[in-house]
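Down below is the structure, laid out as structure tokens.
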Amino acid sequence: MKRIAIIGGGITGLATAHRLIEIAETTQQPIHLTIFEAGPRLGGTIDTTHRDGFLLEHGPDSFISEKPEAVSLSQRLGIESELIQTNEQNRRSFIVRKGRLRPVPEGFQLLAPSRFWPFISSDIFSLTGKLRMSADLFLPKKKLNGTNDESLASFVRRRLGQEALDRMAQPMVGGIYTADPEVLSLRATLPRFLDMERDHRSLILGMWRKGRTARNQTGISGARYSLFLSYKNGLQTLVDALEKRIVDYQLRNSNLIQTKIQIKTSVNRIDLTTVGAWTIETSQLEMFEADAVCLALPSYIAAKMIADISPSLAKLLNQIKFASTATVNLGYRRSDIDHALNGFGFVVPFIEKRSVIACTFGSVKFAMRAPKNHVLLRAFVGGALQPEMLELDDREITKRVTEDLTELLGITGDPLFNDISRWSNSMPQYEVDHLTRIESIERELASLKGLTLAGNSYRGAGIPDCIRSGEKAAEEMAKQNG
């Protein structure tokens with residue numbers, strides 16, 4: 001029976017474990033699977049709770065179906081019927097400009113417009129800014145050198161101008177990656193825009209062509225909000241289903257598959273023995289042996305565990321930087337908010353100098369998130385551009401968030417409650433040449449048989465990306481130990 005250890009019980013580690021169970025069932029190769037999780041619960045940043053009729057997502061609140069891994073996993077777990085789309089009404093978002101929420105122009109996709117009139121008539125940009133953005137239609141494409149990578153800021157600035165960067169690209173992309181656009185890798189995060197310049201020369205021309213094709217095929221264009229999915233009872237549904245699958249085998253004591261989950265168990269270090277097995281030392285100084293190990297952890301934590309056996313790999317892992325964020329859930333009476341809330345939320349440009357970097361209207365975006373005549377708001381603070389926010393205590397963060405929301409949404413009453421979740425060093429920063437760095441990590445890793453790395457540090461930060469990363473690690477370990 002092959003002994004496999006997964007260190008890290010977030011969505012990546014759980015997906016790794018589930019895929020190993022599937023492979024064992026198919027190949028009839030016996031495995032003994034142990035998950036080590038330092039915290040008191042599984043799921044990592046996915047954390048759903050209920051309070052006074054509200055459904056609170058303390059981490060992410062959805063995933064995108066365009067990447068199929070999360071939907072596929074839901075189908076195999078038998079929870080596909082629990083999936084829900086965003087509400088069909090109010091499928092749009094806003095950007096703050098001079099203290100007001102302005103709707104994102106219809107057909108505008110993160111960086112550039114796919115439709116002419118909504119862009120021209122928008123009051124997000126000045127006339128000068130619109131003229132500069134229009135110059136993209138005539139600019140030549142740039143030939144990139146080396147890795148064909150470029151920062152988001154550099155790309156948007158040369159194609160569309162500074163105002164497009166400040167007013168649209170930075171807040172829209174920052175809301176996803178909580179990153180500094182001056183160092184964010186476009187190749188690692190939004191490669192389609194680099195490819196669009198290569199294929200169409202003009203970014204706007206490429207967007208218009210793709211937008212026209214999309215309208216002809218589906219009758220719509222712009223942001224595809226229908227692609228965002230969650231579950232009726234929140235993302236915790238996925239975590240609970242995975243945990244149940246693993247625990248079921250723990251209770252069965254099967255001759256084919258044995259599982260064990262150890263929460264509140266951090267790992268100090270791992271080591272490779274002379275006979276090719278791995279030893280795992282926990283914080284309680286317990287020792288375990290395994291034939292294969294998956295580090296389903298942030299890269300900087302993985303680096304500490306392998307520093308003694310591969311200093312060169314640890315050095316590469318430590319080059320990936322991280323940002324910290326906090327999520328603030330607030331419940332309100334609908335009558336206390338003047339704004340129509342006719343969208344899914346808003347993002348705030350850094351140049352607006354606000355404490356909030358984004359806010360989701362949670363009970364507008366998804367059904368069953370708040371009681372009747374009430375509203376759930378989810379505000380976000382911190383990130384790479386405002387790390388000082390995480391140095392404040394909960395009371396001060398709440399004060400600053402409520403002040404911003406009161407002004408921007410016309411709120412007249414106090415929140416019924418507020419709930420803050422801090423996520424320290426949770427968001428990897430995919431800086432320029434990130435993918436080259438990952439290739440170097442993978443080459444170093446190849447020399448350590450039985451060791452795999454998985455998680456949001458490497459090739460995608462979303463839930464489907466983490467699932468894909470974990471399942472790939474499982475397949476590699478099964479192949480090595482088959």
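The values are calculated or read from the model by the stated rules, or taken from the named source; none is laboratory data. All of these numbers come straight from a predicted model, not from anything done at the bench. Heads up, the Cβs are rebuilt from the backbone with ideal geometry, glycines too, and the neighbour counts pull from every protein chain shown.
Points to keep in mind about this one:
- The residues on offer are ILE438, ILE420, ILE463, and the sole one that is in contact with a Phe, Trp or Tyr (Cβ under 7 Å, 6 or more places away or on another chain) and within 26 Å of HIS58 (Cβ to Cβ) is ILE463.
- Options VAL275, VAL267: the member that is without any contact (Cβ under 8 Å) to a residue 12 or more places away in the chain and farther than 30 Å from VAL347 by Cα: VAL275
- Subset of region 364-390 [buried (at least 17 other Cβ atoms within 10 Å of the Cβ) and without any contact (Cβ under 8 Å) to a residue 60 or more places away in the chain]: VAL375, LEU377, ALA379, VAL381, GLN386
- Among (1) outside any helix (DSSP H, G or I); (2) farther than 23 Å from MET172 by Cα, the one test that GLU396 misses: (1)
- Residue count for region 151-180, restricted to those that are at negative phi, touching a strand residue (DSSP E or B) at 6+ places or on another chain (Cβ under 7 Å) and either acidic (Asp, Glu) or not in a helix (DSSP H, G or I) (or both): 3
- Every condition in (1) touching a residue at least 12 places away in the same chain (Cβ under 8 Å); (2) farther than 30 Å from LEU238 by Cα holds for LEU73 except the one numbered (2).
- Set LEU77, LEU73: member being at pLDDT 95 or above, surrounded by fewer than 18 Cβ atoms within 10 Å (Cβ to Cβ) and farther than 26 Å from VAL375 by Cβ: LEU77
- Each residue in region 99-116 was checked for being charged (D, E, K, R) and not in a loop (DSSP other than H, G, I, E, B), and 2 pass.
- Qualifying residues in region 117-150 (those that are farther than 25 Å from ARG187 by Cβ, in a helix (DSSP H, G or I) and of a type in the set (A, V, I, L, M, F, W, C)) - the one nearest to the chain's Cα centre (by Cα): PHE119
- Condition broken by ASN87, with the remaining ones in (1) within 18 Å of PHE361 (Cα to Cα); (2) out of contact with any helix residue (DSSP H, G or I) (no Cβ under 7 Å at 6 or more places or on another chain) satisfied: (2)
Matching residues to (1) in the same structural domain as SER310 (by TED's automatic domain parsing); (2) surrounded by 13 or more Cβ atoms within 10 Å (Cβ to Cβ); (3) under 14 Å from GLY44 (Cα atoms):
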position: LYS232; (1), (2), (3): no, yes, no
position: ASP248; (1), (2), (3): yes, yes, no
position: ASN255; (1), (2), (3): yes, no, no
position: LYS260; (1), (2), (3): yes, yes, no
position: SER283; (1), (2), (3): yes, no, no
position: MET287; (1), (2), (3): yes, no, no
position: ASP291; (1), (2), (3): yes, yes, no
position: PRO298; (1), (2), (3): yes, yes, yes
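- Residue pairs meeting the criteria (Cβ under 7 Å; at least 6 apart or on separate chains; first within 20 Å of PHE116 (Cα to Cα), in region 188-208; second of a type in the set (Val, Ile, Thr)): none
- The set of residues in region 119-150 being surrounded by fewer than 19 Cβ atoms within 10 Å (Cβ to Cβ) and of a type in the set (S, T, N, Q) consists of SER121, SER126, THR128, SER134, ASN145, THR147, ASN148.
The rows are residues; the columns are (1) among the polar types (S, T, N, Q); (2) within 27 Å of GLU22 (Cα to Cα); (3) modelled with pLDDT of 95 or more.
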| site | (1), (2), (3) |
| --- | --- |
| ILE420 | no, no, yes |
| GLN429 | yes, no, yes |
| LEU445 | no, yes, yes |
| LEU448 | no, yes, no |
| ASP465 | no, yes, yes |
| GLY482 | no, yes, no |
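- The numbered conditions (1) part of a loop (DSSP other than H, G, I, E, B); (2) on the phi < 0 side of the Ramachandran plot are all true for VAL375 except (1).
- Filter result for the condition that a residue is more than 16 Å from GLY39 (Cα to Cα) and free of Cβ contacts under 8 Å to residues at least 12 places away in the same chain, over ASN318, ASN253: ASN253
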